[in-house]
Amino acid sequence: MGADARVVPGFPEGEFVHTGDHSRNYRIAVERPEAGRPALLHVVKRGEGEFVLHGQERGVGATRDAPPNLYSVQGDCEARLLLPVNTTHVKVQSKGDEPLSWSMRMLPLGEAAVFAGEHLGECSDVLYRFDAVPGLFEVEVDAEDGWDWQLSFVCDHQLGGSLYVDSLCWKCREITVREAERMGTDLKDWLEGTGEDGGRFFLPTSGLITFVSEGNCQWSVRAARL
């Protein structure tokens, strides 16, 4: 359940329907802008307190964890996260007694930024890649020491699924194996690290690129030199 709607300072472009603070935990029902479609979860956190956000799939007699997942460190931060079709609720739990406030809204998937071969980011975000041509990309992340981050890819074929385990379908895995043999190198559709780090990231087709960090940081994705 969320509090009354309000506008978040610094974000005059829209209303953040759900709000909360460090005084208790919250469970919010997902209200999708497009029925049966994945959506974006836009979260803004203010204050020195820390919180954990995770998705849930609540059914008759059973509840299981589902994406998204976000651990927020101290200080202000912002995140746009992917809400898969199976996620029915979002749970926000404060950690410790430091004060914080947060605001949240659900956006249609069409609000994702378009990835056109190069992107410079400053917070957790979701990008959409229209290009279906396989490509290898360089990733650089400049985050605080100890901050964990993850970059992953969800192909178009999987967007309507639960995303519990795999983000790539068998067709895209076949493309990845074929290109790995051609290039003579191991190819990954995800990267994870801590602090200042990076690596190479393979995109087999069109779909969503998701970057999740514990706090705001600088990150980039651009075409790799083979």
Name the trypsin sites (Lys or Arg not before Pro) in the stretch 170-226 that are in a loop by DSSP and that have at most 10 other C-beta atoms within 10 Å, would you?
Arg225
Using per-residue counts of other Cβ atoms within 10 Å, averaged over each peptide, order 115-127, 76-88 from highest down.
76-88, 115-127
Need the list of lysines near Lys91 for cross-linking: C-alpha distance under 23 angstrom, and skip anything on the same chain fewer than eight residues off.
Lys45
Which aspartates and glutamates, on any chain, are close to Lys95 with Cα under 12 Å apart, when same-chain ones fewer than 8 places away are left out?
Asp21, Glu48, Glu50
Report the equivalent ellipsoid semi-axes for the stretch 13-58 in whole Å, largest first, defined as the square roots of five times the eigenvalues of the gyration tensor built from alpha carbon atoms.
22, 15, 9
Give me a comma-separated list of calculated 3J(HN,Hα) values for the stretch 171-186, in order, Karplus coefficients 6.51, -1.76, 1.60 applied at θ = phi - 60°, integers in Hz, x for any Gly or Pro.
4, 6, 5, 4, 4, 5, 5, 4, 5, 5, 5, 5, 7, x, 8, 7
Below 15 angstrom from the Cβ of Leu100, what's the summed charge of the other residues (Lys, Arg +1; Asp, Glu -1)?
-4
When the C-alpha atoms of the stretch 93-226 are aligned to their principal axes, what extent does each axis show, in angstrom, from largest down?
53, 32, 26
Give me the accessible area of Trp190, 1.4 Å probe, in Å² rounded to the nearest 10.
110
Run down the lysines and flag those whose C-alpha is under 20 Å from the C-alpha of Lys188, throwing out any fewer than 8 positions away in its chain.
Lys171
Give the long-range amide H neighbours of Trp190: residues separated by 5 or more places, or on another chain, with amide H under 5 Å away, using H modelled in the peptide plane at 1.01 Å from N.
Phe202
What whole-number volume per residue, in cubic angstrom, does the convex hull of the C-alpha atoms of the stretch 187-226 give?
94
Amide H of Gly49 versus every other amide H placed in the peptide plane: which residues, excluding those fewer than 5 positions away on the same chain, fall under 5 Å?
Gly75, Leu100
So, taking all protein chains as they sit and a 1.4 Å probe, how much accessible area belongs to Met106, in Å² rounded to tens?
30
Given the C-alpha centroids of the stretch 168-209 and the stretch 23-83, what is the distance between them in whole angstrom?
26
Rounded to two decimals, what ratio of Rg to Rh does the chain give with C-alpha atoms and a Kirkwood Rh?
0.97
Which percent of the accessible area of the chain is formed by carbon and sulfur heavy atoms (probe 1.4 angstrom)?
47
Once ligands and nucleic acids are excluded and a 1.4 Å probe is used, how much of Thr205 is accessible, expressed in Å² to the nearest 10?
20
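The values are calculated or read from the model by the stated rules, or taken from the named source; none is laboratory data. Small disclaimer: the values here were computed from a predicted structure and weren't measured. Note that each Cβ is placed from the backbone with ideal geometry, even for glycine, and that neighbours are counted across all protein chains shown. Only protein heavy atoms, including side chains, enter the accessible area calculation; ligands, DNA and RNA are left aside. Shrake-Rupley method; radii C 1.70, N 1.55, O 1.52, S 1.80 Å.
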